[in-house]
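*Asks:* Just dropping this structure here.
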DNA sequence: TGTTTTTTTAATCATTCGTTTAAATCAATT
DNA sequence: AATTGATTTAAACGAATGATTAAAAAAACA
């Protein structure tokens with residue numbers, strides 16, 4: 001039996017991920033990461049060269065996961081309506097498991113976007129996606145109205161991700177506990193696909 | 001002719017608003033506010049007692065403006081469909097003038113929500129709103145399907161505000177300049193109301 | 001004008017920050 | 001067991017941070 005006790009580097013990275021996602025780059029202190037990892041402060045800079053590099057590593061991973069999961073779902077070979085229903089269902093579940101991801105990814109992208117993210121090839125989202133072709137085909141067949149792929153993707157992502165971005169506000173306004181919020185999001189699993197497909201079908 | 005040169009307190013507050021909205025609480029340094037205001041650092045603590053109190057003042061204002069504008073629109077005495085179209089149009093324009101507001105309000109609410117925001121009575125949004133009654137009436141008349149006011153408001157706010165929360169990412173992915181992003185948002189002015197009303201009318 | 005109050009300034013405080021150092025400990029190899 | 005290299009530790013570094021001080025300048029008032 002192999003012990004699955006993580007090594008120091010992994011412990012630091014996982015702790016950093018938790019802390020960065022909760023508090024953002026500026027709100028995160030190196031000492032907090034070390035403490036969360038149960039590790040000496042110097043080890044953070046021993047394994048990763050600096051706070052910034054550690055953040056960069058984690059942000060790239062998180063960013064890739066956030067958009068990669070969506071791209072994967074978008075590229076599946078399913079009829080459009082099935083796809084929309086499936087994406088809303090699966091991506092909602094994905095964000096339920098990673099509720100801090102949307103706020104983290106979107107907020108941090110706005111700050112450092114210049115130098116940090118040239119390395120991310122997310123622009124290929126729309127170009128390589130099977131989706132663009134699918135939307136064009138369905139429109140030409142008269143099944144849906146014409147829509148820009150970018151508009152479609154943002155419409156979809158926004159309607160799925162926004163409740164998580166606004167989670168604290170929603171729970172506060174609606175007096176929701178964890179179960180209440182989960183129910184709130186669950187309701188949207190039928191609401192959002194119905195709404196989007198209804199819109200697309202109208203010509 | 002009276003000079004409209006703002007006094008020191010105003011200069012600090014306006015500078016702080018710009019800096020806080022751009023960089024968030026953690027990303028904002030007192031010296032940066034002073035510099036932006038063209039004022040000695042000590043004056044920030046002379047007029048406001050601390051960075052935290054200054055932030056609090058600005059956050060409350062911004063929060064109130066963000067939700068207050070929406071509440072006002074929601075409470076107007078217009079037929080539902082007209083109201084939805086008008087809200088999307090006017091609230092989009094409002095956010096065009098305050099593009100950093102959504103990210104700022106939503107992100108900072110998540111952090112300090114405990115002690116800072118007991119004083120904000122946003123819970124009354126739904127209770128006092130004419131909207132709740134309107135939604136119930138329209139549903140009973142068979143004009144729309146039944147929908148929770150909270151779901152309706154978040155659906156509306158999310159679809160209007162999300163592009164601004166995701167502004168940098170959208171512009172990056174879609175290769176949009178300022179004009180391109182403005183056009184992107186402008187397109188949603190017709191898309192979103194059509195979509196939401198289409199959904200509501202279906203039973 | 002002389003006095004008092006308000007506002008502004010330069011300087012500095014104590015703390016916290018990210019990072020580094022040099023020594024100590026551990027693990028692997030011979 | 002001795003040697004080597006990798007890992008961990010306690011301590012400290014310089015810089016930046018939020019905040020304060022005491023004196024100077026300006027404004028208000030008598």
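*Asks:* Considering B:104, B:67, which residue is assigned to a helix (DSSP H, G or I) and under 22 Å from residue A:109 (Cβ atoms)?
*Replies:* B:104
*Asks:* Go through (1) at pLDDT below 95; (2) not in a helix (DSSP H, G or I) and name the single condition residue B:142 misses.
*Replies:* (1)
*Asks:* Same structure again: For residue A:94, are the conditions met, namely being away from every other protein chain (no Cβ under 13 Å) and at pLDDT 95 or above?
*Replies:* yes
*Asks:* Still on this structure, please answer the following. Looking for something part of a loop (DSSP other than H, G, I, E, B) and within 28 Å of residue A:100 (Cβ to Cβ) - is there at least one such residue anywhere in segment B:28-36? I'd like the intermediate steps shown before the answer.
*Replies:* Of all residues in segment B:28-36, those part of a loop (DSSP other than H, G, I, E, B) come to B:28-29.
Still in the list and also within 28 Å of residue A:100 (Cβ to Cβ): B:28-29.
Yes; the residues of segment B:28-36 include at least one that is part of a loop (DSSP other than H, G, I, E, B) and within 28 Å of residue A:100 (Cβ to Cβ).
*Asks:* Another question, then. Would you check if residue A:7 is within 15 Å of DNA strand D (Cβ to nearest atom), surrounded by fewer than 17 Cβ atoms within 10 Å (Cβ to Cβ) and within 14 Å of chain B (Cβ to nearest Cβ)?
*Replies:* No.
*Asks:* For segment A:58-65, does any single residue satisfy the condition of being within 16 Å of DNA strand C (Cβ to nearest atom) and more than 13 Å from chain B (Cβ to nearest Cβ)?
*Replies:* yes
Each row is one residue, and each column tells you yes or no for (1) modelled with pLDDT of 95 or more; (2) under 11 Å from residue A:92 (Cα atoms); (3) out of contact with any strand residue (DSSP E or B) (no Cβ under 6 Å at 6 or more places or on another chain); (4) facing another protein chain (nearest Cβ under 7 Å).
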{"residue": "A:152", "(1), (2), (3), (4)": "yes, no, yes, no"}
{"residue": "A:155", "(1), (2), (3), (4)": "yes, no, yes, no"}
{"residue": "A:161", "(1), (2), (3), (4)": "yes, yes, yes, no"}
{"residue": "A:166", "(1), (2), (3), (4)": "yes, no, yes, yes"}
{"residue": "A:177", "(1), (2), (3), (4)": "yes, no, yes, no"}
{"residue": "A:182", "(1), (2), (3), (4)": "yes, yes, yes, no"}
{"residue": "A:188", "(1), (2), (3), (4)": "yes, yes, yes, no"}
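*Asks:* Residues of segment B:3-27 being part of a helix (DSSP H, G or I) and within 11 Å of DNA strand C (Cβ to nearest atom), which ones? Break it down into steps so the answer makes sense when it comes.
*Replies:* So in segment B:3-27, the residues part of a helix (DSSP H, G or I) come out as B:8-23.
Passing the criteria: B:8, B:9, B:10, B:11, B:12.
*Asks:* Also: Does segment B:5-25 hold any residues that are free of Cβ contacts under 8 Å to residues at least 24 places away in the same chain and closer than 18 Å to residue A:111 by Cβ, and which are they?
*Replies:* Matches in segment B:5-25: B:18, B:19, B:23.
*Asks:* Given the structure, is residue B:68 exposed (fewer than 15 other Cβ atoms within 10 Å of the Cβ), without any contact (Cβ under 8 Å) to a residue 24 or more places away in the chain and more than 14 Å from DNA strand D (Cβ to nearest atom)?
*Replies:* yes
*Asks:* List every residue pair whose Cβ atoms lie under 7 Å apart, where the two residues are 6 or more positions apart in sequence or sit on different chains, the first residue falls within segment B:37-51 and is in a helix (DSSP H, G or I), and the second residue, located anywhere, is within 6 Å of DNA strand C (Cβ to nearest atom).
*Replies:* B:43/B:8; B:47/B:8
*Asks:* Restricting the search to segment A:16-32, which residues are away from DNA strand D (no atom under 13 Å from the Cβ) and more than 14 Å from chain B (Cβ to nearest Cβ)?
*Replies:* Hits for segment A:16-32 are A:16, A:17, A:18.
The values are calculated or read from the model by the stated rules, or taken from the named source; none is laboratory data. The shown structure was predicted, so the numbers you read here are calculated from the model rather than taken from an experiment. Heads up, the Cβs are rebuilt from the backbone with ideal geometry, glycines too, and the neighbour counts pull from every protein chain shown.
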